1. Considering only protein heavy atoms and a probe of 1.4 Å, how much of the accessible area of the chain is carbon and sulfur, as a whole percent?
2. Taking +1 at the Cβ of each Lys and Arg and -1 at the Cβ of each Asp and Glu, which of P179, G200, W164 sits farthest along the dipole of the stretch 157-210 towards its positive end, judged by Cα position relative to the Cα centre?
3. Can you list the GluC sites (Glu not before Pro) in the stretch 194-253 that are in a DSSP coil and have 16 or fewer other beta carbons within 10 angstrom?
4. Shape call for the stretch 1-154 from the C-alpha gyration tensor, a ≥ b ≥ c root eigenvalues: rounded (a/c under 1.5), prolate (a/b greater than b/c) or oblate?
5. Amide H to amide H, which residues 5 or more places from D154 or on other chains are under 5 Å from it, using H placed in the peptide plane?
6. Rounded, prolate or oblate: pick one for the stretch 1-48, where a ≥ b ≥ c are the square roots of the eigenvalues of its C-alpha gyration tensor, a/c under 1.5 means rounded, and failing that, prolate if a/b is larger than b/c, else oblate.
7. Can you work out ³J(HN,Hα) from phi for every residue in the stretch 16-21, in order, using Karplus 6.51 cos²θ - 1.76 cosθ + 1.60 and θ = phi - 60°, giving whole Hz and x for Gly and Pro?
8. Keeping all protein chains in position, work out how much accessible area W164 exposes to a 1.4 Å probe, and write it in Å² to the nearest 10.
Amino acid sequence: MQPETMKYSRIAGTGGYLPEHVVTNHELAARVDTSHEWIVERTGIHQRHIAAEGEMTSDLAAAAGRRAIEAAGIEASQIDLIVVATTTPDLVFPSTACLVQAKLGLENHCPAFDVQAVCSGFIYALATADNFIRAGQARCALVIGAETMSRITDWNDRGNCILWGDGAGAVVLRASSQPGVIATHLHADGRYRDLLHVEGGVSHGMQSPSAVRMQGSAVFRFAVNTLDGIVDETLEANHLQKSDIAWLVPHQANIRIIQATARKLGMSMDRVVLTVDRHANTSAASVPLALDTAVRDGRIRPGELILMEAFGGGFTWGSALVRWMTEE
Ligand code: ACO
């Protein structure tokens with residue numbers, strides 16, 4: 001049982017992992033009818049990392065997880081919950097989280113499961129682990145967002161192959177007497193499958209190959225409006241002013257969507273963590289990878305308030321409001 005005082009969670013360490021191989025816009029332009037300039041102007045993306053043949057989502061996830069465990073200064077054996085957000089699992093089953101548990105050499109029988117909310121997956125996974133800790137069912141959770149989006153990318157579809165990248169980001173979430181994770185807000189609206197989906201799947205008979213199909217401009221408009229709403233909801237529900245937020249750590253889908261959210265918050269872009277230029281859209285990995293980047297380069301300081309938000313297929317969307325406090 002959790003001591004009564006340890007009823008909140010805080011992020012104790014972060015980690016990230018990007019595959020070695022980088023594909024530039026110029027390389028894509030040699031393959032489909034596009035240009036570096038068009039991609040940068042419409043998305044902000046310059047390059048993306050792509051997993052090597054045989055490199056699986058669970059490999060990326062385990063690498064990011066190990067770095068988060070190291071940053072948190074804990075032993076892997078202290079982990080008592082693993083939640084992996086992914087849209088691109090290695091297998092139908094076991095879950096990627098179970099594969100990660102084995103790769104980390106954990107033999108403590110802690111629960112491990114995947115969460116599927118596409119690009120909002122990490123926010124969903126963080127909310128899930130935070131609730132486990134608040135309920136006293138976990139004390140030290142490993143929460144990972146990991147994707148090999150390159151495996152569901154149609155490299156001949158210029159309208160969306162330019163967007164995706166592979167990677168993983170992770171946090172160690174520990175029980176705390178004060179709220180590091182102050183609040184999470186989650187939503188979904190399942191009516192928009194036609195705008196963003198991947199055909200195929202077990203119940204559909206595993207058509208192959210399947211790839212992301214997206215009506216880009218419609219998704220774009222929906223994302224901007226929805227993220228506007230989640231910003232308002234998060235500020236109002238937690239009695240905050242826009243100026244209370246020190247850092248926006250957004251899902252890295254498109255710089256123009258991020259700029260719209262920053263405008264909504266009245267925030268200058270130097271308070272927004274941007275990785276979309278180098279990582280592209282790594283779906284569930286994008287928020288924890290961005291967080292890890294800004295924590296490691298020292299931008300995010302103890303005591304600061306961070307707003308993380310994401311929007312993705314489903315549609316799903318959500319936010320996490322976090323006070324940065326790596327120490328109890
Ligand atoms: N290079 C050059 N021209 C292109 C390219 C390209 N790569 N792709 C499309 N075009 C052309 C189109 O054919 C179109 O030409 P036309 O006017 O002659 O018909 C023109 O550019 C404009 O196309 P749009 O689709 O309207 O372009 P838009 O400015 O909307 O940019 C993009 C496309 C980048 C995909 C954008 O819509 C976007 O980012 N959408 C949101 C993506 C997103 O946020 N997804 C949600 C999360 S992802 C998840 O959950 C899995």
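The values are calculated or read from the model by the stated rules, or taken from the named source; none is laboratory data. What you see is a predicted model; the values in this text were computed from it and never measured. Note that we place each Cβ from the backbone using ideal geometry, even for glycine, and neighbour counts take in every protein chain shown. Only protein heavy atoms, including side chains, enter the accessible area calculation; ligands, DNA and RNA are left aside. Shrake-Rupley method; radii C 1.70, N 1.55, O 1.52, S 1.80 Å.
1. Details: 6860 of 13790 Å².
That fraction is 50 percent.
2. Positive-end residue among those listed: P179.
3. Values: sites: E199, E233, E236; in loops: E199.
Counting only loop positions with at most 16 other Cβ atoms within 10 Å, the GluC sites (Glu not before Pro) in the stretch 194-253 are E199.
4. Working: a/c = 2.46, a/b = 2.06, b/c = 1.19.
Prolate.
5. Placed amide hydrogens put V212 under 5 Å from D154.
6. Values: a/c = 6.06, a/b = 3.34, b/c = 1.81.
Prolate is the answer for the stretch 1-48, as a/c is 1.5 or above and a/b outweighs b/c.
7. x, 8, 10, x, 5, 6
8. Result for W164: roughly 10 Å² accessible.
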